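The values are calculated or read from the model by the stated rules, or taken from the named source; none is laboratory data. Computed from a predicted structure; not experimentally measured. Please note: Cβ atoms are built from the backbone with ideal geometry, for glycine as well, and neighbour counts cover all protein chains shown.
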Amino acid sequence: MPKKIDREERRQQIVRTYLRIADRDGLEAATSRAVAVELGVSTGSLWHYFTGFDDVVFRAFQLIFDRTNARITAHVGDHGGLRALMALLEEALPVGEETEREALIVTNFWGRASSKPELGRFQSEVGAMWLRQITDHLTQAVDAGELSSATPVQELSDVLMVLITGLQVECALKTPLAQTQRQWRMIRHCLSPWLTDTGRTGVGL
């Protein structure tokens, strides 16, 4: 009797294979044929699990953000205020080997967003969620006396969100702006005018 295949597990396997090829060989090399060869199956068999290759790409895009959000949740933990903010930024900015790899793939996906509205909508949803989290952490920092009561929380949140997005592009382009120390200097520059002595000591800024 043929082995029963778990449909969702097979879908996840296909998406993970796509991301592995994209990470290893570049996004252009991550074709449906390459995925099928890596899995040792025919290309046509992939479409038993997806409506088409665009569906694979979209699921891969979702998986990257699911992984990032899981890391953010784990890293933030029970922290609040500036500690929580710095934990979020450490996972969202391309400042480590894993986040750098993800930035290269995600920025390539953005190129598809103009012709694939579902990618753009999903990116907007993730961005809005991160913006809310950043705003919450900054508000907590003000309440905890880590930031001045005069801190323009919403405007500062917007700037940090734009930095996250922009620095992923700089990472993909391999510009000097993407250097890890330089990224953290930008973050410090944004926060420094509003830091109190408590905040400066608490997170080492």
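Exactly one of these conditions fails for L19: (1) assigned to a helix (DSSP H, G or I); (2) crowded, with 16+ Cβ neighbours inside 10 Å; (3) in contact (Cβ under 8 Å) with a residue 40 or more places away in the chain; (4) in the same structural domain as L147 (by TED's automatic domain parsing). Give me its number.
(4)
Out of all the residues in segment 171-202, which are free of Cβ contacts under 8 Å to residues at least 12 places away in the same chain and under 26 Å from the mean Cα position of the chain (by Cα)?
Of everything in segment 171-202, those that are free of Cβ contacts under 8 Å to residues at least 12 places away in the same chain and under 26 Å from the mean Cα position of the chain (by Cα) turn out to be L173, K174, T175, P176, L177, Q179, Q181, R182, R185, H189.
Considering only segment 100-114, I want to know if a residue exists there that is loosely packed, with under 13 Cβ neighbours inside 10 Å and part of a helix (DSSP H, G or I).
No: segment 100-114 contains no residue that is loosely packed, with under 13 Cβ neighbours inside 10 Å and part of a helix (DSSP H, G or I).
Could you look through segment 63-99, keep only residues that are farther than 21 Å from I14 by Cα and acidic (D, E), and pick out the one that is surrounded by the fewest Cβ atoms within 10 Å (Cβ to Cβ)?
Checked segment 63-99; the qualifying residue surrounded by the fewest Cβ atoms within 10 Å (Cβ to Cβ) is D78.
Looking at (1) assigned to a helix (DSSP H, G or I); (2) out of contact with any Ser or Thr (no Cβ under 9 Å at 6 or more places or on another chain), which is the one condition that is false for H79?
H79 satisfies all of (1) assigned to a helix (DSSP H, G or I); (2) out of contact with any Ser or Thr (no Cβ under 9 Å at 6 or more places or on another chain) except (1).
Please go through segment 157-187 and pick out each residue that is charged (D, E, K, R) and at pLDDT below 95.
Across segment 157-187, the qualifying residue is only K174.
Checking S42 against (1) more than 28 Å from G202 (Cβ to Cβ); (2) in contact with a strand residue (DSSP E or B) (Cβ under 8 Å, 6 or more places away or on another chain), which test does it fail?
Of (1) more than 28 Å from G202 (Cβ to Cβ); (2) in contact with a strand residue (DSSP E or B) (Cβ under 8 Å, 6 or more places away or on another chain), only one is false for S42: (2).
Can you tell me which condition L131 does not meet? The list is (1) in a helix (DSSP H, G or I); (2) surrounded by 14 or more Cβ atoms within 10 Å (Cβ to Cβ); (3) over 13 Å from the mean Cα position of the chain (by Cα), and all the others hold.
Of everything listed in (1) in a helix (DSSP H, G or I); (2) surrounded by 14 or more Cβ atoms within 10 Å (Cβ to Cβ); (3) over 13 Å from the mean Cα position of the chain (by Cα), L131 misses just condition (3).
Quick check on my filter: what residues within segment 152-170 are in contact with a Ser or Thr (Cβ under 9 Å, 6 or more places away or on another chain) and more than 25 Å from G96 (Cα to Cα)?
Those that are in contact with a Ser or Thr (Cβ under 9 Å, 6 or more places away or on another chain) and more than 25 Å from G96 (Cα to Cα): V153, Q154.
Would segment 190-200 turn up any residue that is under 26 Å from R59 (Cβ atoms), of a type in the set (K, R) and at pLDDT below 95?
Taking every residue of segment 190-200 in turn, none turns out to be under 26 Å from R59 (Cβ atoms), of a type in the set (K, R) and at pLDDT below 95.
Among the residues of segment 137-159, how many are part of a helix (DSSP H, G or I), without any contact (Cβ under 8 Å) to a residue 12 or more places away in the chain and over 14 Å from G202 (Cβ atoms)?
Counting residues in segment 137-159 that are part of a helix (DSSP H, G or I), without any contact (Cβ under 8 Å) to a residue 12 or more places away in the chain and over 14 Å from G202 (Cβ atoms) gives 1.
Of these, L131, L82, L93, which one is within 16 Å of L160 (Cα to Cα), touching a His at 6+ places or on another chain (Cβ under 9 Å) and in the same structural domain as T198 (by TED's automatic domain parsing)?
Only one candidate qualifies: L82.
Within segment 152-164, can one find any residue that is crowded, with 16+ Cβ neighbours inside 10 Å, of a type outside the set (V, I, T) and within 30 Å of A30 (Cα to Cα)?
yes
Quick one: how many residues across segment 168-205 are of a type in the set (G, A, S) and surrounded by 15 or more Cβ atoms within 10 Å (Cβ to Cβ)?
Number of matching residues: 4.
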